Amino acid sequence: MKRPLQVGITGGIGSGKSLICRIFQCLGISVYDADSRAKSLMTTDGILISQIRQEFGDLSYHADGSLNRKYLGERVFNNPQQLQTLNKLVHPRVGEDYRQWVEANGRETYVIKEAALLFEAGSDKALDKIIVVCAPDDIKVSRVMKRDPHRSEADVRAIIQNQMPDEEKRKQANYVIFNDDSQLVIPQVLLLHQQFLSGN
């Protein structure tokens, strides 16, 4: 069975990858948002729920079945090993969910997977093309602070510091979209859209 071309989109916090994905959606392209699906699966996927309970304890969930984000956040926030353990549980379930989603969208010419940790999770290997959305750190910081007023500049810079650098991502990507306020993004997206539609 013919399957759609699978395109990954990634970028650091504040790079604007969600904006780029919305433009693709306006062009009629289906987008899989790995980060929001991961949050959803943590409360709907029976296998994942039991794995999280086993690894982090029953306090990981409230009595109503919702995720105890505060408790889990405190467990993993300053503990890279615990964070890695959580990611090792979540990523395979997201991978399975994504595979089913691609099958359901099998008639499309191409589909997009949006993920912040595309390279870090190793999920880039299952994709045909990768786009990295880039922006200078100062622009990323001001965007995030506008979006989340409760975050301090130091907080945002610490997150950026902990993420894979843009230069590293660009080396591993097929395409780069510059969302740096000096270049229009829609023409960059349209160019790639035409390319993917023609099967390149």
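The values are calculated or read from the model by the stated rules, or taken from the named source; none is laboratory data. What you see is a predicted model; the values in this text were computed from it and never measured. Cβ coordinates were reconstructed from backbone atoms using ideal geometry, including for glycine residues, and neighbour counts include every protein chain displayed.
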#### Entry: Which numbered condition L5 fails, given (1) over 30 Å from Q161 (Cα atoms); (2) outside the structural domain of R157 (by TED's automatic domain parsing)
(2)
### Query
Taking helices (runs of 4 or more DSSP H) that do not extend beyond the stretch 1-87, which have at least 1 residues that are farther than 27 Å from A135 by Cβ?
34-44, 46-56, 69-76
#### Entry: A115 vs. criteria in contact with an Asp or Glu (Cβ under 8 Å, 6 or more places away or on another chain), buried (at least 18 other Cβ atoms within 10 Å of the Cβ) and either closer than 28 Å to V7 by Cα or at pLDDT below 95 (or both)
yes
### Message
Just to check your reading of the model, which residue among I29, I49, I131 is modelled with pLDDT of 95 or more, farther than 28 Å from L184 by Cβ and not polar (S, T, N, Q)?
### Response
I49
### Message
For the stretch 111-123, check the following and say yes or no: at least one residue is in contact with a His (Cβ under 9 Å, 6 or more places away or on another chain) and part of a helix (DSSP H, G or I).
### Response
yes
#### Entry: Residue, surrounded by the fewest Cβ atoms within 10 Å (Cβ to Cβ), within the stretch 52-80, restricted to residues that are within 25 Å of the chain's Cα centre (by Cα) and of a type in the set (S, T, N, Q)
N78
### Task
Go through (1) over 18 Å from Q188 (Cα atoms); (2) surrounded by 20 or more Cβ atoms within 10 Å (Cβ to Cβ) and name the single condition E168 misses.
(2)
### Task
Taking the options R107, R22, name whichever one is at pLDDT below 95 and under 21 Å from L192 (Cα atoms).
R107
### Task
Pairs only if they're at least six apart or on different chains, beta carbon under 8 angstrom, first in the stretch 110-134 and within 21 Å of I160 (Cα to Cα), second of a type in the set (D, E, K, R) and in a loop (DSSP other than H, G, I, E, B); list them, first residue then second.
C134/D180
### Task
Quickly run through the stretch 2-33 and pick out the residues that are under 12 Å from the mean Cα position of the chain (by Cα), aliphatic (A, V, I, L, M) and under 12 Å from I177 (Cα atoms).
I9
### Message
Considering only residues that are free of Cβ contacts under 8 Å to residues at least 12 places away in the same chain and either in a strand (DSSP E or B) or surrounded by 13 or more Cβ atoms within 10 Å (Cβ to Cβ) (or both), which ones fall in the stretch 153-165?
### Response
D155
